Each structure stands twice: as structure tokens, then as C-alpha cells.
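Q: Pasting a structure below so you can have a look.
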Amino acid sequence: MARAHLEYIQTQTVPWKQLGKDALSRPGARVKPLSDDPDTKACTSILQYPAGWRMDRPHYLACDEEFFVLRGSFAIGGVTYRKGDYAYIPAGMPRPEMMSDDGADVLTFFEGPHESIYADAPDDLYDPTKLIARLVTSEMPWVPLSDPLLASLATGGGRKVLRQDPKTGERTWVLKLGPDDPKTFTAMKTETHPVVEETFLLEGEISMQCGVQKPGAYFWRPEGIEHGPVGTLTGMLGFFRCKGGPLTTQWSEKAVPIQWERPYKPVLTPTAAAYAHNSYDPSLAY
Ligand SMILES: [Fe+2]
């Protein structure tokens, strides 16, 4: 069973869970679980490390960990990550310690069971070719969008590719679009991908088929699901991943009118249904 379709939640509505001192993963941190695969144990979450947080014991993980810092700073083995920094840490990489002096909120993706293992990793587990030790994404240049349909809608559009897996074609990137002019931009084709698309909205608003996403919106959309039309009055900045292969787009034949005031009509998991419709403080980023 793969991860279920979840589109979308405002992560402000997701309750924090406190991890105890004996937790098998990141003891003493707080977590907002966003989505997970019950079979592989892969999951996406926001981890919050309190100021002064420390994991002093050397350890490793048996799965890859990918992350993007939303606030504050934290360090793994002497490498410090600040807001906007990105990393991909492969399974089996030794972690002498992890710590956060100031506290940090980190959008985190584990690709499997992520208990800390306090031992030396097996020799054949760590693949250093997969390591992306640190990217300061704020210093990377924007690359203009190559898809002519996207480029025409996105007056201020651009992309920064953070990772592309040479074997699977899976990719991680940040994307900015718009702002669109509602006088001239009134309709857009819908799109379908052969792979999962996963997104966390960092800034701005974006109108899609399930509503108008605000900063902190998150979705996991399985392959083959038609979506859109996409439009943004404010301009938007989002963190994206595609899973299961390279992302290609099949556009619909006809354009569909953009609705700038779409009501919230999400596709929810049973877990998310418990809180997704709760009101939240829009001054919170997530
Ligand atoms: Fe898409």
C-alpha cells in the first residue's frame, strides 16, 4: 500500500507531537507528521528541534534523509544548516552528533524506517555518490522554466533543482510562479503526471482544484491524477519533489477557467480528516 492521496492540508492545522527522551528517532524534538507509507515507513514531516537540543551519541540511519530548513539552524556532525539550506544524507552515513543551539523547524523526508542506530553501519550501506552535504538554496540562481505553457503563465517563474537521482529520475526542486494578471490570465490547461508530486508551499497563494493554498499548504498527490488549472495572484514559492520516476506533464486539450476564490474541497486521509478543517492562525507559516 503506497501513501494515500492527501491534497491538501494547511500544516498549521496539524497537531505537534512531542517525542520523548526515549524516542527511537530524534528524542526530545517535536514532529508534525504530514504523510507516510505504512509499508516502507517512508514519511514526510516537519521536525522541530528546541533550542539547546542535542543528540551526542554517534549513530546512523538505515534510510536516506532529505531535508530543507524552514526556520532557525541545526547541525549534523559539524555541518551547520540554516533557513533555506537543503541536504540529502544517504543511509549509513556516520553521524557523530546532531544539535541545535537556536532551535530549528525542518521539513524532513525519511525514505524508510528512521530509528537511530547506535553502532557502526554495515560497510556496504553508505553510498557517498548520493550525498548532497549542503546547498544554500538562497544563493543558487533561478533557472527560467522550459515548459512553454508554464513559462507563459509564470511572469516571474523560475526553478532551482536541488537533486536529481541519476538512476530513478526522481527530483527535488524549488519553484516560483507568477504573479498572474487576472485580467489577461483567465484559463489554463490541466495537467497529469506519471509520478507522485509532493509539495510544501513556502510563500504566496496558489489556486488549484482543491482550493486556494496558502503558505504552509502540503500535498501528496499520487501518479495519474489530473490537477489544475493552476494560478497565483500573489506569486508563489514552493518546495517540490517527484517520486517514482522523472516528472513529465501531459496537458489537457482544452483550457479550463481559473477560479480565484475556490472553496476548500480537499482529498483527505482519515488521519488528516480529523484536523484539516480546523481554523488556524494565518500568521503562522506552518
Ligand atoms: Fe503538477
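Coordinate-derived values only; no laboratory data. Since this is a predicted model, take the numbers as computed values, not measurements. Cβ coordinates were reconstructed from backbone atoms using ideal geometry, including for glycine residues, and neighbour counts include every protein chain displayed.
Q: Using only helices, what value at 222 nm comes out for the chain when you add -39,500 (n - 2.57) per DSSP H run of length 4 or more and divide by the total residues, to the nearest 500 deg cm²/dmol? Don't skip to the answer; put the middle values down first.
A: Working: 2 runs with 10 residues, N = 286.
Roughly -500 deg cm²/dmol at 222 nm, from the helical runs in the chain.
Q: Here is a further query. Mind ranking 8-14, 210-216, 141-147 by how tightly packed they are, going by the mean number of other C-beta atoms within 10 angstrom, highest first? Mind dumping the intermediate values first?
A: Details: 8-14: 23.0, 210-216: 20.9, 141-147: 11.6.
Output ranking for 8-14, 210-216, 141-147: 8-14, 210-216, 141-147.
Q: Could you tell me which of the pairs K21/K265; K21/K214; K21/K83; K41/K254; K160/K189; K189/K214 are separated by over 31 angstrom between their Cα atoms in the structure shown? Please report the intermediate quantities before stating the final value.
A: On the way: K21/K265 39 Å; K21/K214 34 Å; K21/K83 26 Å; K41/K254 39 Å; K160/K189 24 Å; K189/K214 22 Å.
Violating the 31 Å Cα-Cα cut-off are K21/K265; K21/K214; K41/K254.
Q: Return the distance in nm (one decimal) between the two label points of a simple spin-label model at T129 and A75, each offset 7 Å from Cα along Cα→Cβ.
A: Each label point lies 7 Å from its Cα, and together they span 3.2 nm.
Q: Right, next: Could you give log10 I(q)/I(0) at q = 0.09, 0.11, 0.12, 0.13 Å⁻¹ for the chain, computed by the Debye formula over C-alpha point scatterers of equal weight, without solvent?
A: Results for the chain at q = 0.09, 0.11, 0.12, 0.13 Å⁻¹ read -0.43, -0.65, -0.77, -0.91.
Q: Between E203 and Y118, take the C-beta separation as r, use R0 = 41 Å, and let me know the FRET efficiency to the nearest 0.05.
A: On the way: r = 39 Å, r/R0 = 0.95.
Rounded to the nearest 0.05, the efficiency is 0.60.
Q: If you take the beta carbon distance between D281 and R82 as r and set R0 to 30 Å, what does 1/(1 + (r/R0)^6) give as a FRET efficiency, to the nearest 0.05?
A: Values: r = 25 Å, r/R0 = 0.83.
Between D281 and R82 the formula returns 0.75.
Q: Could you give the length gained by full extension between V256 and K183, i.e. 0.36 nm per residue of separation minus their alpha carbon distance, to one decimal place? Write down the numbers at each step before the final one.
A: On the way: separation 73, 0.36 × 73 = 26.28 nm, distance 1.53 nm.
Stretched out fully, the V256 to K183 stretch lengthens by 24.8 nm.
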